1. Taking residue 455 as the residue in question, decide whether it is in a helix (DSSP H, G or I), of a type in the set (D, E, K, R) and free of Cβ contacts under 8 Å to residues at least 24 places away in the same chain.
2. Of all residues in region 327-339 being buried (at least 18 other Cβ atoms within 10 Å of the Cβ) and touching a residue at least 40 places away in the same chain (Cβ under 8 Å), which is nearest to residue 491 (Cα to Cα)?
3. Pull up region 317-326, narrow it to residues that are within 16 Å of residue 413 (Cβ to Cβ) and without any contact (Cβ under 8 Å) to a residue 12 or more places away in the chain, then point me to the one that is nearest to the chain's Cα centre (by Cα).
4. In region 26-54, what residues are surrounded by 15 or more Cβ atoms within 10 Å (Cβ to Cβ), part of a loop (DSSP other than H, G, I, E, B) and not β-branched (Val, Ile, Thr)?
5. Which of (1) under 23 Å from the mean Cα position of the chain (by Cα); (2) assigned to a helix (DSSP H, G or I) does residue 475 not meet, given it meets every other one?
6. What are the pairs, 6+ residues apart or on separate chains, where a residue within region 217-239 that is free of Cβ contacts under 8 Å to residues at least 40 places away in the same chain has its Cβ under 6 Å from a residue that is of a type outside the set (D, E, K, R) and part of a loop (DSSP other than H, G, I, E, B)?
7. For residue 12, are the conditions met, namely being touching an Asp or Glu at 6+ places or on another chain (Cβ under 7 Å), in the same structural domain as residue 109 (by TED's automatic domain parsing), under 22 Å from residue 169 (Cβ atoms) and within 15 Å of the ligand (Cβ to nearest atom)?
8. So residue 433 clears everything in (1) over 18 Å from the mean Cα position of the chain (by Cα); (2) within 16 Å of the ligand (Cβ to nearest atom); (3) surrounded by fewer than 24 Cβ atoms within 10 Å (Cβ to Cβ) except one condition, right? Which one?
Amino acid sequence: MDSYILAMDQGTTSCRSILFDKTGNAIASSHKEFKQLYPRPGWVEHNPVEIFDTQYYTAQDVLHKTNICPEQIASIGITNQRETVVVWERDTGNPVYNAIVWQCRRTTQICDNYKKDKLEPLFKEKTGLVIDPYFSGTKIKWILDSDERLRLKARKGELLFGTIDSWLIYNLTGLHFTDTSNASRTQLYNINTGVWDREIMTILGIPDTMVPLQRHSSANFGKTKNDLFGREILVGGVAGDQQAALFGQACFETGDSKNTYGTGCFALVNTGHNKIESKNGLLTTLACELDNGLVYALEGSVFIAGAVIQWLRDELKIITNASETNDMAASIQDTGGVYIVPAFAGLGAPYWDPSARGIIVGLTRGSNRAHIVRAALESIAYQSADLIHALQEDSGKKIPELKVDGGATQNAFLMQFQADILGIPVVTSSTPDITALGAAYLAGLQVGFWNSTADIKKQWKEGKRYMPQMNDSQRETLIAGWKNAVAAAREYK
Ligand code: ADP
């Protein structure tokens, strides 16, 4: 009987389960959305029980649809929305609060206080991360601070915390584990030493009895409880979504990089065993580690990427779907000098200007819908180019070509413009589900389904290759215009 890897891809709005065969092909998948909870402006929560139930449903569904039995599953891989955190009771496994989602800004004040106390350099040096509500640490503190009884229970060692990978592993196996890539997003994990950081946990008031045990990303995370699939299945691979995508893109060597084009963009470069502190506002984080020591990555993100296309559709209503933007943009020679800086939520790396707001500049009487659409697409490429330039500067290495994935890579105009603006080839993978594939690879390596990263590298197949066609002077002129537009967005307050 053929065997497969079951990848569980737990995202921010939905859960997906995908079966991969030995060639790395996705043979079937099942997908289900779950509820987003917005209890107050700026707050975002998920029901942890619903997350597990939804994920479990999709796993059952994909097996059912394909008539593949649990005996044929060699290993399970998990990849997940990062930073989102759950606190639950050690005895009962019941969550004491909803999952607080990465997008949730409720701990802004807590973060501001730590910054005022000049703790940012310490946090940054130890965890690689800036102090921001985005990361899990202050979210856990908020939960414990919200109720004295919880604080007391935590002190008595009765509570556990975990990012979503941990929560899924706990429900699947009964064990309390995480992997190092997820641990590195909590802001409680020392990325120099590869252990939970007592000093930072003490500052945040989080007892060390709450932490999961950390493992390499390809490791034994326990076996599923018998009643779930009718037999035990090993959970053999775990990684946060962006690190899983880096692994799925076979970016195993120092200098290998990828950019994911979804709602936002996430660019990561593998810096090997070399921990680089960014001078350009990038984060230092842990990539998937096998068993040969900590592997570092530099990471930068664009907050509004594909989201600017959703804005054209839902707010401006000048398009009806994302895919029509390709032909509209290609129907004209250029934007006629129009730039959009979609700083709807401020600007991230390398500018880090939370008070910047979006602008459209360079309008003339002749500017039309196509110019706006094209400027929106180009803004995704310019913002990504800013990240790639920062990654290159920090790592001291030129990125020779960029591997890309995510929904917006379907847009050929955008990919060509990206190659033109970067002056390097932009290359898609032939597999659309790169993130889930990364988790599958980690799980498969653990059980000998695949033998080595060299094996995996052979499986990576190029989809489309976009070669740069723009000449240098045109590129420089366009980028200079973009820089002016960004300056205008930052000036207008
Ligand atoms: P996420 O994982 O963040 O939900 P996806 O990888 O599913 O994102 O990509 C969805 C995003 O990509 C949306 O923001 C959408 O506007 C954008 N997108 C999808 N198709 C296209 C397209 N053909 N052109 C431009 N943007 C697109």
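The values are calculated or read from the model by the stated rules, or taken from the named source; none is laboratory data. The shown structure was predicted, so the numbers you read here are calculated from the model rather than taken from an experiment. So basically every Cβ, Gly included, is an ideal-geometry build from the backbone, and we count neighbours across all protein chains shown.
1. On the way: in a helix (DSSP H, G or I): yes; of a type in the set (D, E, K, R): yes; free of Cβ contacts under 8 Å to residues at least 24 places away in the same chain: yes.
Answer is yes for this residue.
2. Just the residues of region 327-339 that are buried (at least 18 other Cβ atoms within 10 Å of the Cβ), to begin with: 328-329, 335, 338-339.
From the residues that got through so far, the ones that are touching a residue at least 40 places away in the same chain (Cβ under 8 Å) too are 328-329, 335, 339.
Numbers: 328: 31, 329: 28, 335: 23, 339: 15 Å.
Among those that are buried (at least 18 other Cβ atoms within 10 Å of the Cβ) and touching a residue at least 40 places away in the same chain (Cβ under 8 Å), it is 339.
3. Of region 317-326, the ones within 16 Å of residue 413 (Cβ to Cβ) are 319, 321-326.
If we keep only those that are without any contact (Cβ under 8 Å) to a residue 12 or more places away in the chain as well, we get 321, 324.
Details: 321: 24, 324: 26 Å.
Residue satisfying both the conditions and the ranking: 321.
4. 34, 43, 47, listed by residue number.
5. It is condition (1) that residue 475 fails.
6. 232/224
7. Details: touching an Asp or Glu at 6+ places or on another chain (Cβ under 7 Å): no; in the same structural domain as residue 109 (by TED's automatic domain parsing): yes; under 22 Å from residue 169 (Cβ atoms): yes; within 15 Å of the ligand (Cβ to nearest atom): yes.
So residue 12 fails the test.
8. Of the numbered conditions (1) over 18 Å from the mean Cα position of the chain (by Cα); (2) within 16 Å of the ligand (Cβ to nearest atom); (3) surrounded by fewer than 24 Cβ atoms within 10 Å (Cβ to Cβ), the odd one out for residue 433 is (1).
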